[in-house]
There are 2 protein chains.
Amino acid sequence: MLPSGVTYADRFEGISGSAIRAIFKVLTKPDMISFAGGNPSNEALPHEVCAELAREALLTDGKRILQYGATEGYPPFLESLLGYLKANYRFPVEKEHLLPLSGSTQGIDVLCKAFTNPGDTVLVESPTFLGNMQTLRIYQQRLVPVQSDEQGVIPERLEEVVRRERPKMLYIIPTFQNPTGRTLAAERREPIARLAEKYGFLVVEDDPYRDLRYAGTPLPPIKEYDRSEHVIYMGSFSKIISPGMRVGYMVGNADIVAKCAIGKQGGDLHTANLTQAIVDLYLRRNLLAPHITDILPSYRDKLNAMLDELSAFPAGTTYTRPEGGLFIFVTMPEGFHAGEVFKEAVERGVAYVPGTSFYPEGGHDNTLRLNFSNSTLDQIHRGMAILRDLFAARLG
Amino acid sequence: MLPSGVTYADRFEGISGSAIRAIFKVLTKPDMISFAGGNPSNEALPHEVCAELAREALLTDGKRILQYGATEGYPPFLESLLGYLKANYRFPVEKEHLLPLSGSTQGIDVLCKAFTNPGDTVLVESPTFLGNMQTLRIYQQRLVPVQSDEQGVIPERLEEVVRRERPKMLYIIPTFQNPTGRTLAAERREPIARLAEKYGFLVVEDDPYRDLRYAGTPLPPIKEYDRSEHVIYMGSFSKIISPGMRVGYMVGNADIVAKCAIGKQGGDLHTANLTQAIVDLYLRRNLLAPHITDILPSYRDKLNAMLDELSAFPAGTTYTRPEGGLFIFVTMPEGFHAGEVFKEAVERGVAYVPGTSFYPEGGHDNTLRLNFSNSTLDQIHRGMAILRDLFAARLG
């Protein structure tokens, strides 16, 4: 109960924490097989290397690391991040275009804070990442879905909705999208940058899964087609080094980044210097590329194992076949209700996320999101067999 | 320049980054003596101990530390924080009352997000901490000063302004306040808790300096008089272990804390597990109390050296005589303009913060804030002599 006289902010109307949080609370059961999270594989987390890097960073630059830092970032990290971006991306970037973030999700918060008013319109994929959807809702944005197909957002449909809705922003995860695993087709990327330029809206390109590619060829980010600075690129080390360190970054127009820094200053002031220093050494020692090469085969095997299991699911089941990332999105035949079946699945020891939570407009009760990265191959085989039998029984 | 069609949010009207940030940018000059910051002493930052604790934490619990954590905190840290609070405070506290924060300043952000609407009124001391004043302004709060004297906020004046303004919140730094160093008198603490209960507003008690006491007797926080859960207590390890790690916490009503956790979830998701783990081990190994005992004498010497120097300042100079904290607040004779003199001071190699930035209503151009903790004794003597001569010359 709240103390007398205290009331919630209007912006929290209908905000009750994400569905995933509630789901995580049922996962304490021992031996639960969870396809619900979005966690990278525990095996892929380089804790021994990070232990030595943390110690070394603190012994060699400890006073600066433990002291207050700049909102704009720990200087050695800024330097190595810049080098990393120049080596791996073809968009122009200098320090003034960079803002380290405490996870790329903080980017949505500061962009909304600095560039949107309540009632503004933000276009989103449907389905899309529910965590950021919640952040957009807290900032009282009108979420309008853009029609997509298996190749992602359809530029022609995007232009129609832009002309009708005059959005402030398009929020898009172009590569191995959460929750679908889908990738925006190469030929649709430049048109999106051009529409942003033509109509004057921001494209927030959230790209944390990009380096977890198990097949196919990398595609240029939308940001590489951005000649008018309407695209804000958000990257993250969460999926390729560690999510618990909370180190991501934003690349964008210098004035946008400067205003976001003021927003961040009033939030956490700066990202912890120590975690920036660890990622700095990781980049500076060229540990990242070999680490990614190391971890990809196991992720690939898990994805393939889960796809294999899905091929034996009841007739009428369809699902995405991602080339990377952490998720497969499943559509069961009409009439199936993933939310209702969820409780029974958990009782049998397997969890997933009902797909409805990812749709700004709700519905789609016959869909679900599966994560394959945070389970062993054995758990994937056992867990998927349990779901297959349960779903088959439910479908009668 | 912003990209075409992109505009700032209304809430950023008049927000241009804090005055202190601008000042920090002039401090790159080598050999600058800076009394401008709010940094703890570099010598007091335990970087070698933290290096070993970081390594140990990652080697023993590295998978959990590098994986996604809970917004509600890294479980071992929650446990040791709870033990620390029970041992050092007399207010009742359980885990449901706790939220780890990425610095206590994040507490203001999430409280505003979850509990205030634009146009709400927040009462503040005058002068007060300008960083949090900026956060309150971004949330479009009306800042109304409460009359204070050398003993801090005057309860009778507080009641008058509460009856007139019907505030949502009182933001107060009761101990070794920033920027004045003043401490709220013992007998004024309970009345503030009672007024919050009577009129139904939140008291945000920001208490990061409490343990940096060089003289006198510790006073109970306002929270210890709180029987109606109107007081949110915000503590921090920034001033006693490390600000660069960004680890603070909030203690409050369970429903308030739960809603703030949802706000934090949409910000940085959670505070970095590694920095929580380092503070956890620091507390668990009972390193904090001896560390504080170790660092106090040097802080005390610096405070006394600066007070000594101030006694030789021109006639008509008045200043606070804090028993702890990091700051002394100086009032020069009428007609002196600390902002105008600032440029010349910097040219002579000494920086401070003009006091006007700390006043919600502006003015008070004859005041300035001095930080003594981040300079050596020699720098304090040299820097204060420079200021004394400069100020005397200006006063003619």
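Couple of notes before you dig in:
- Semi-axis lengths, Å, the protein assembly as shown, gyration tensor of Cα atoms, sqrt of 5 times eigenvalues: 47, 27, 26
- For region B:374-380, 3J(HN,Hα) per residue [Karplus equation, 6.51 cos²θ - 1.76 cosθ + 1.60, θ = phi - 60°, Hz, x = Gly/Pro]: 9, 10, 7, 4, 4, 5, 4
- In sequence order, region B:175-188 has phi-based couplings of 10, 6, 4, 9, x, 8, x, 5, 10, 5, 4, 3, 6, 9 Hz under the Karplus curve 6.51 cos²θ - 1.76 cosθ + 1.60, θ = phi - 60°, and Gly or Pro positions carry x.
- For the options A:Asn286, A:Asn366, A:Asn132, a Gaussian network treatment of chain A with springs between C-alpha atoms closer than 10 Å singles out A:Asn286 as fluctuating the most.
- Sorted largest first, extent of chain A alpha carbons per principal axis (Å): 62, 57, 52
- Area projected by the alpha carbon convex hull of region A:315-396, averaged over all directions, nm²: 5.6
- Mean partner shielding of peptide A:257-265, defined as the number of other chain Cβ atoms within 10 Å of each residue Cβ, is 4.
- In order along region A:244-254, phi translates into HN-Hα couplings of x, 7, 6, 10, x, 7, 10, 10, x, 2, 4 Hz, rounded to whole numbers, per the Karplus curve 6.51 cos²θ - 1.76 cosθ + 1.60 with θ = phi - 60° and x for Gly and Pro.
- For B:Arg142, residues with placed amide H under 5 Å, excluding near neighbours: B:Gly119, B:Asp120, B:Thr121, B:Val122
- Summary for A:Arg300: label point 7 Å along Cα→Cβ; distances to the equivalent points in the other copies, ascending, 6.6 nm.
- For region A:200-335, Kirkwood radius (reciprocal of mean inverse C-alpha pair distance, Å): 17.8
- Helix-derived mean residue ellipticity, 222 nm - over the protein assembly as shown, DSSP H n ≥ 4, -39500 (n - 2.57), to 500: -13000 deg cm²/dmol
- Residues considered: A:Gln67, A:Gln147, A:Gln177. Largest GNM mean-square fluctuation over chain A, using C-alpha springs under 10 Å, is found at A:Gln67.
- Among B:Ala215, B:Ala185, B:Ala196, the largest mean-square fluctuation in a Gaussian network model of chain B (Cα springs under 10 Å) belongs to B:Ala215.
- The distance from the alpha carbon centre of region A:214-293 to that of region A:52-101 is 10 Å, rounded to a whole number.
- Position B:Pro92, label points 7 Å along Cα→Cβ, spacing to each other copy in nm (shortest first, one decimal): 6.3
- Rounded D (µm²/s) - region A:1-154, Kirkwood Rh over Cα pairs, Stokes-Einstein at 25 °C, 0.890 mPa s: 122
- Projecting 7 Å from Cα along the Cα-to-Cβ direction, the label point of B:Pro30 sits 6.3 nm from its equivalents in the other copies, listed shortest first.
- Cross-link pairs beyond the 21 Å C-alpha cut-off, checked among B:Lys198/B:Lys264; B:Lys95/B:Lys239; A:Lys259/B:Lys239; B:Lys239/B:Lys302; B:Lys95/B:Lys168; A:Lys223/A:Lys302: B:Lys198/B:Lys264; B:Lys95/B:Lys239; A:Lys259/B:Lys239; B:Lys95/B:Lys168; A:Lys223/A:Lys302
Computed from the coordinates by the stated procedures, all read-outs in this text should not be read as laboratory data. Note that this is a predicted model, so its numbers are computed, not measured. Don't worry about glycine lacking a Cβ; one is built from the backbone with ideal geometry, like all the others, and counts go over all protein chains shown.
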